[in-house]
Amino acid sequence: MNLDDPGILQSAAPLREVRAGWRAWLASPAGRYVLAWEQAQFDAAVADVFGFHAMQCGLAEIDALRDNRMPHRIHACEPCDLLPQNAAHLVLDHFEELPIGSQTLDLVVLPHVLEFASDPHQVLREVDRVLRPEGRVIISGFNPVSLWGARQGLGRAIGRPAFPPVEGQFIGLPRLRDWFKLLSFEAERGRYGCYRPPCRTQRWLDRTRFMESAGDRWWPICGALYFVSAIKRVRGMRLIGPAWRQVRPAAAPAVMVSRRSAR
């Protein structure tokens, strides 16, 4: 690859700008609110997932595998300065092609990876390839059926910076479940969270704290984020042989009964 090619430099510059804008938003009060909820969800979900090899893709701002007890943990993320210290590091520009052997990993977590991927379905196909049978994938993302999704759609329509950054493409949980069905995944569980409106300041986020319990009770599918896990199922083959003749049980031996003639 020729790094001096101007076409490569032009395509790399917008990518760096997207990542810089995404990290800047994550450092805002709303971004910290999102990261805190996701960190708690990942901590609870990965604690009881067992195996030998686990990998987190993207979002270096949280350590989704910190409560997991697998001996080998890999953090594959985009070029950045935020890298966890308790995992091996793998720097990648995209996740559509993973430098991992087939059926190698027991757990893969994807926090906000599909939303910024050029081909999110290909990312899932790669995850399907590298996961072992009965391996698990855990995904978090923004819910388009929410106040946050409406805010992003409005930003696209009026040409103003969306909230979160306009470059992300929200993927709904029903669509994600359809992708699971097309592959070999079986959706295990999912939940929604973060019901406060898309406020930019910590002051208004604190004032709308009451909406957390109200939203979870009255409009649970309208949370700003969703969290879902799925298991890779590999159906075994069943060989069908010829229909052998069933052996009937032998009849009971006849018993001789003597009769006396009547006199």
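If I filter the stretch 191-210 for residues that are in contact with a strand residue (DSSP E or B) (Cβ under 8 Å, 6 or more places away or on another chain), of a type in the set (D, E, K, R) and either modelled with pLDDT of 85 or more or farther than 23 Å from Q39 by Cα (or both), do I get at least one hit?
yes
Does the stretch 59-79 hold any residues that are of a type in the set (G, A, S) and surrounded by fewer than 23 Cβ atoms within 10 Å (Cβ to Cβ), and which are they?
A60, A76 - these are the residues of the stretch 59-79 that are of a type in the set (G, A, S) and surrounded by fewer than 23 Cβ atoms within 10 Å (Cβ to Cβ).
Among E126, E115, which is the only one that is among the acidic types (D, E), in contact (Cβ under 8 Å) with a residue 12 or more places away in the chain and closer than 23 Å to A24 by Cβ?
On the way: E126 fails: closer than 23 Å to A24 by Cβ.
Result of the check over E126, E115: E115.
Given (1) open to solvent by less than 10 Å² (accessible area, probe 1.4 Å); (2) modelled with pLDDT of 90 or more; (3) out of contact with any Leu (no Cβ under 8 Å at 6 or more places or on another chain), identify the lone condition not met by R177.
Single failed check for R177: (1).
Which condition does G7 not pass, out of (1) modelled with pLDDT of 70 or more; (2) out of contact with any Phe, Trp or Tyr (no Cβ under 8 Å at 6 or more places or on another chain); (3) open to solvent by less than 50 Å² (accessible area, probe 1.4 Å), if it passes all the others?
Looking at each condition in turn, G7 falls short on (1).
Within the stretch 40-54, identify whether any single residue is open to solvent by 10 Å² or more (accessible area, probe 1.4 Å), out of contact with any Lys or Arg (no Cβ under 8 Å at 6 or more places or on another chain), of a type in the set (V, I, T) and in contact (Cβ under 8 Å) with a residue 24 or more places away in the chain, and answer yes or no.
Among the residues of the stretch 40-54, not one is open to solvent by 10 Å² or more (accessible area, probe 1.4 Å), out of contact with any Lys or Arg (no Cβ under 8 Å at 6 or more places or on another chain), of a type in the set (V, I, T) and in contact (Cβ under 8 Å) with a residue 24 or more places away in the chain, which makes the answer no.
The values are calculated or read from the model by the stated rules, or taken from the named source; none is laboratory data. Computed from a prediction, not measured in an experiment: that's the story for all the values here. Neighbour counts are summed over all protein chains in view; Cβ atoms, including those assigned to glycine, are modelled from backbone coordinates with ideal geometry. The area values use the complete protein model at the heavy-atom level, side chains included, leaving out ligands, DNA and RNA. Shrake-Rupley method; radii C 1.70, N 1.55, O 1.52, S 1.80 Å.
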